[in-house]
Amino acid sequence: MSASSATVSSSPRPSQRSRRRWRISLADIAQLVAILLLAVFILVPIYWMASTSLKTGNQTFAIPPVFIFEPTFEHYREVFAEGVVTKGLRNSLIVATGSTLLALLLGTPAAYAMARFDFRGKASLWFWIISNRFISPIVVALPFFLLARDFSLLDTHLVLILTYLTFNIPLVIWLCIDQFRAIPREIDQAALVDGANQWEALRTIVLPLAIPGIVVAAILCFVFSWNEFLFALVLTRAEAKTAPVEAANFMTGFGIRWGAMMATGTLIVLPVVVFAAIVSRHLVRGLTMGAVK
Amino acid sequence: MSEAHRDPTPAADLTLARPAWRWRRPRVDRTPVLMIAPAVIVLVLIGVYPLFYALRTSFQLYQVTKPYLGTPWVGFANYATALQDPLFWSSLSRTGLFFLLTVPVQIVLGVAVALLLTSTRWRRLSGITRVLLVLPIATTPTVVGLIGRLVYNRDFGLFNWALGLIGIPPVNWLGDSSAAMATIALTDTWQWLPFVALVAMSGLTSVSPDIIEASRLETNRALEIFWYVQLPYLLPGLTAVLIIRTADILKLFDMIFVLTRGGPGVATDLVSVYVQRVGFRVFDMGLASAQAILLLVLCNVLAQTYIRLFYREIEA
């Protein structure tokens, strides 16, 4: 009895479901339009930057705006020939890579210790590290400027690398604690039993297993360092200027070179957007220091 | 010693080689300390020492452009100046206005976007859009400002052209002091609405489909299901967003610096932009430090609230 009723009730379902799949209601169309509008809202500014970097001056100022045109790479040639932006990009690369590597070097052992050991004051240490996320850069920028001047570190890569550690170390520690906790303790205990010390266990056993989390931390550090502006603006003059500072310089002076400016913007944004898309699932975790997973 | 090493039982080796009383102290495991110390020392040097340096500077007369004045102690004079400075207060109240113009809108729209993308039947499209949401968050804020300069341009900007299509006459979005605040709020919303949406989506996906199914038996009204079933799952994430966005608005500098430099006049002069100007245009480090310390107190309150709410129990 029950078996027959089950077959009776289940047999119409698939057909019903498939029929529903092909019938599009008004609400579905409204949703489709809303999603498309959202996508347009997100993409238009980025598309407009990229397309303007490929337009001639007349096309840039055209009203109505030109959407379809023959691209020219003139602005990119111009930007590369001048070398200022290229140098800025190189400085950004040096600073972001340097700060990321240093943050990983200092942060991963600390994260490992906090994931594996109990000690007095651990909670306070943890809270203090998290609270660095909330400090306004301008608060640190003023004393950093004076200190860097006294140590004649202004306009060097080193001062920016160190400054960026203020947000990179907390980020690495937070993300890696999470990662290390996900690795069973038994694995490093096995290594300890085999005669390794804690450092060897970390280096040879745990770190290789933690690579996914460490890569995410590294990418986020790189993205945040690459995008940083305030510190770079006040701590550099000429030699160590990063790409965002060079880009902002397009706004000063007489007659804005829109094409070159947008080419620069595209060059700056391209690597971070690619990186962020790779770690898109972890971006929110990085931005909220793990409060949202 | 070499005989002891050949001993097949390592435990016996330890007790034989080490007289208990002499070795007890070094046996305390220093490894965690050695692992944490470098990071903490660096963080103290770059994160705490500068704050004390700023605290010290805030009690000094420190005009970088007038070195002949020296740096005499002036007590609380800088704080008095800061607290009586109408520009400092107005920059704070503008920051508050900016907060009201952005965060509530971003939270409401962010939740709406999350509901749309998680509930829609256009799965593939919503999947693609979910990845697109990452783009504004990752875009360098300085470049966002530059794009704004282009898009909001009164004469050839895309924005005015699009508004013209629906019959709205051109507005000087960056040059008109009443429009400029709305312009930077819109720009901030472009960049951070996706963040709220992603947070809300992770909250919504944590609601088990069974619960939704069960609540469908009670009511067919989507609004009721949202309010009584889904919203409780969203609240922790949205609270996190609220605090983080508040802190980020206190930090906000780059996008505004490029887009309006706080202008026209002081129309978009938010607090970070103002303090930066006092410090690095006027070069009054004493006053700027006092303002920064006041700002730091505010940041700290936010940090403490965040920690209380989200990391109450620390899992070891």
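So the values come out like this:
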{"item": "Distance between region A:19-66 and region B:211-247 - C-alpha centres, whole angstrom", "result": "29 Å"}
{"item": "Nearest-10 value in Å² for the accessible area of B:Thr205, using the 1.4 Å probe", "result": "100 Å²"}
{"item": "Under the span-like rule (Cα at least 18 Å along the axis, Kyte-Doolittle mean at least -0.5), DSSP H helices of chain A", "result": "A:26-52, A:84-116, A:137-150, A:157-182, A:207-227, A:258-278"}
{"item": "Reachable lysines, given that their alpha-carbon falls under 16 Å from the alpha-carbon of B:Lys251 and they are not under 8 places away in the same chain", "result": "none"}
{"item": "Rounded if a/c under 1.5, otherwise prolate or oblate - chain A, Cα gyration tensor axes", "result": "oblate"}
{"item": "Rel. contact order, % - alpha carbon contacts under 8 angstrom, at least six apart, region B:194-293", "result": "18 percent"}
{"item": "Sorted largest first, extent of region A:241-293 alpha carbons per principal axis (Å)", "result": "47, 18, 17"}
{"item": "Surrounding net charge for B:Leu117, when Lys and Arg each add one and Asp and Glu each subtract one, Cβ distance under 15 Å", "result": "+4"}
{"item": "Gaussian network model of chain B, Cα within-10 Å springs - most flexible of B:Trp192, B:Trp73, B:Trp227", "result": "B:Trp227"}
{"item": "Residue-level accessible surface for A:Cys221, protein heavy atoms, 1.4 Å, Å²", "result": "0 Å²"}
{"item": "Among A:Ile42, A:Ile130, A:Ile219: highest mean-square fluctuation, GNM of chain A, C-alpha pairs under 10 Å", "result": "A:Ile42"}
{"item": "Reduction of at least 40 Å² in accessible surface, 1.4 Å probe, comparing all protein chains with the chain by itself, residues of region A:59-78", "result": "A:Ile63, A:Pro65"}
{"item": "Accessible-area composition of region A:98-194, carbon plus sulfur, in percent [1.4 Å probe]", "result": "65 percent"}
{"item": "Over the protein assembly as shown - Rg/Rh using Cα atoms and the Kirkwood inverse-distance radius", "result": "1.03"}
{"item": "Projected area, mean over directions - region A:94-214, Cα convex hull, nm²", "result": "8.9 nm²"}
{"item": "Exposure rank, largest accessible area first [A:Arg120, B:Arg245; 1.4 Å]", "result": "A:Arg120, B:Arg245"}
{"item": "Distance cut-off 16 Å, percentage of C-alpha pairs in region B:155-269 lying past it", "result": "71 percent"}
{"item": "Area accessible to solvent at B:Trp122, 1.4 Å probe radius, in Å²", "result": "60 Å²"}
{"item": "Rg to Rh quotient for chain B, alpha carbon positions, Kirkwood Rh", "result": "1.14"}
{"item": "Span-rule helices in chain B, defined as complete DSSP H runs reaching 30 Å or more along the axis (Cα) with Kyte mean at least 1.0", "result": "B:86-119, B:177-204, B:285-310"}
{"item": "Shielding by other protein chains, A:166-177, mean Cβ within 10 Å", "result": "2"}
{"item": "Most mobile of B:Val196, B:Val33, B:Val275 in a GNM of chain B (Cα contacts under 10 Å)", "result": "B:Val33"}
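The values are calculated or read from the model by the stated rules, or taken from the named source; none is laboratory data. Here the structure is a predicted model, which means the values were calculated and not measured. Because the Cβ atoms are built from the backbone with ideal geometry, glycine has one as well, and the counts that use them run over all protein chains shown. When the accessible area is computed, the model is the full protein with side chains, heavy atoms only, and any ligands, DNA or RNA have been set aside. Shrake-Rupley method; radii C 1.70, N 1.55, O 1.52, S 1.80 Å.
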